[in-house]
Amino acid sequence: MFLTYRALNLLSLIWMAVAFVIFPLLLKVRAPYGRHTRTTWGPMMSNRLGWFVMEAPSLLIILFFYVKSHNISSLYLNVVFWLWIFHYFHRALVFPFMTRTKGKKIPVVIVLMGMTFNFVNATLNGAYMSQFFDGQHITPVMFVRLFVGLLFFATGMYINIKADYMLINLRRSTSNGYKIPRGWLFEYVSCPNYFGEMLEWMGFAILAWNLPALSFFVWTVANLLPRAMANHRWYHEHFPDYPEDRKAVIPFVL
Ligand code: NDP
């Protein structure tokens with residue numbers, strides 16, 4: 001046994017409480033990577049390698065727990081595990097190598113913070129799923145959760161990936177610069193990729209229906225809402241012709 005049921009739930013509640021503390025800080029301090037990068041945060045490393053190193057633990061840890069899972073014949077459990085694996089396979093092994101960030105750097109401290117974040121999330125979720133997830137007998141309520149959760153997850157993932165690649169493709173003609181993204185959901189919000197990511201993990205929390213999954217969703221919102229607002233402000237500061245009616249991240253709302 002990796003962690004008891006009580007310990008896992010308690011740790012997830014504490015982890016969620018940390019997100020509530022971090023959220024107001026992130027509204028004030030922009031994590032220095034991407035367009036907000038700064039050289040005052042200590043040693044730097046390659047942006048691409050940084051993303052790979054940051055995200056890979058989430059994939060490896062979940063694969064470890066998948067192999068160790070006591071309930072691996074459950075279809076429901078397989079769905080939950082494979083959604084996570086699919087997401088992190090793309091985020092760790094595909095996304096970093098598709099970005100057009102040649103020569104760009106990321107502070108090592110941000111990479112270490114990202115690794116810690118991914119380590120905790122994957123361990124809490126993996127340990128819970130491998131030991132306590134009861135997916136053998138699918139009740140009608142579970143079926144509804146599976147359906148609704150999958151719908152949100154798949155929609156979110158589609159939006160997240162499509163928006164990320166639309167942004168990446170803006171660099172076809174400009175070396176490392178930025179352009180105003182246009183078309184599709186960008187007409188409504190500055191950061192549809194973050195909107196998609198939040199939908200994804202909300203869907204995951206609905207279909208997994210446990211505290212570790214909820215804590216990951218809470219953390220995703222705590223990370224991405226402030227980041228989206230900072231990106232939105234950044235666009236307005238750097239592009240005088242930035243569309244006025246565009247929101248930051250939630251269409252028509254925020
Ligand atoms: P960004 O939207 O800042 O950037 C995505 C990519 O597009 C980067 O390569 C970026 O280059 C490039 N880009 C962005 N805007 C423009 C533009 N206007 N013109 C040209 N190129 C542009 O996303 P993040 O880097 O913050 O995040 C990447 C992924 O990771 C997203 O899918 C996000 O949802 C996810 N994420 C998830 C978190 C979570 O808590 N679950 C936390 C953080 C990220 P550059 O790097 O040079 O700016």
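Of these, Phe147, Phe195, which one is at pLDDT 95 or above, more than 8 Å from the ligand (Cβ to nearest atom) and either surrounded by 16 or more Cβ atoms within 10 Å (Cβ to Cβ) or in a loop (DSSP other than H, G, I, E, B) (or both)? Steps first, please.
Numbers: Phe147 fails: either surrounded by 16 or more Cβ atoms within 10 Å (Cβ to Cβ) or in a loop (DSSP other than H, G, I, E, B) (or both).
Step by step, each of Phe147, Phe195 is checked, and only Phe195 is at pLDDT 95 or above, more than 8 Å from the ligand (Cβ to nearest atom) and either surrounded by 16 or more Cβ atoms within 10 Å (Cβ to Cβ) or in a loop (DSSP other than H, G, I, E, B) (or both).
Which of (1) outside any helix (DSSP H, G or I); (2) out of contact with any Leu (no Cβ under 9 Å at 6 or more places or on another chain); (3) on the phi < 0 side of the Ramachandran plot does Gly103 not meet, given it meets every other one?
It fails just one condition, (3).
Residue by residue through region 203-217, note down the ones that are more than 10 Å from the ligand (Cβ to nearest atom) and assigned to a helix (DSSP H, G or I).
Filtering region 203-217 down to residues more than 10 Å from the ligand (Cβ to nearest atom) leaves 203-215.
Answer for region 203-217, where residues must be more than 10 Å from the ligand (Cβ to nearest atom) and assigned to a helix (DSSP H, G or I): Gly203, Phe204, Ala205, Ile206, Leu207, Ala208, Leu211, Pro212, Ala213, Leu214, Ser215.
So Ile72 ticks every box in (1) in a helix (DSSP H, G or I); (2) at pLDDT below 95 but one. Which box is left unticked?
The number of the failed condition is (1).
Exactly one of (1) among the small types (Gly, Ala, Ser); (2) more than 24 Å from Tyr33 (Cα to Cα); (3) within 19 Å of the chain's Cα centre (by Cα) is unmet by Ala248. Its number?
(2)
Residue under question is Arg35, and the condition is that it be within 20 Å of Leu225 (Cβ to Cβ), charged (D, E, K, R) and either modelled with pLDDT of 95 or more or in a loop (DSSP other than H, G, I, E, B) (or both); does it hold? Quick ask: steps written out before the conclusion?
Numbers: within 20 Å of Leu225 (Cβ to Cβ): yes; charged (D, E, K, R): yes; either modelled with pLDDT of 95 or more or in a loop (DSSP other than H, G, I, E, B) (or both): yes.
Taking the combined requirement at face value, the residue satisfies it.
Filter region 118-146 for residues that are under 10 Å from Tyr76 (Cβ atoms) and of a type in the set (Phe, Trp, Tyr) and give the result.
Of everything in region 118-146, those that are under 10 Å from Tyr76 (Cβ atoms) and of a type in the set (Phe, Trp, Tyr) turn out to be Phe133, Phe143.
Is there a residue being more than 9 Å from the ligand (Cβ to nearest atom), at pLDDT 95 or above and either on the phi > 0 side of the Ramachandran plot or of a type in the set (Ser, Thr, Tyr) (or both) anywhere in region 219-235?
no
Looking only at region 6-34, which residues are surrounded by 12 or more Cβ atoms within 10 Å (Cβ to Cβ) and not aliphatic (A, V, I, L, M)?
Asn9, Ser12, Trp15, Phe23, Arg30, Pro32, Tyr33, Gly34 - these are the residues of region 6-34 that are surrounded by 12 or more Cβ atoms within 10 Å (Cβ to Cβ) and not aliphatic (A, V, I, L, M).
Looking at (1) surrounded by 20 or more Cβ atoms within 10 Å (Cβ to Cβ); (2) farther than 19 Å from Leu59 by Cβ, which one does Tyr158 not meet, given that it meets all the others?
(1)
Within region 69-78, how many residues turn out to be out of contact with any Gly (no Cβ under 7 Å at 6 or more places or on another chain) and crowded, with 17+ Cβ neighbours inside 10 Å?
1
Yes or no: Ile138 of a type outside the set (Lys, Arg), more than 22 Å from Trp51 (Cβ to Cβ), outside any helix (DSSP H, G or I) and modelled with pLDDT of 95 or more?
No, not satisfied.
The values are calculated or read from the model by the stated rules, or taken from the named source; none is laboratory data. Bear in mind the structure is a predicted one, so any value in this text is a computation, not a measurement. So basically every Cβ, Gly included, is an ideal-geometry build from the backbone, and we count neighbours across all protein chains shown.
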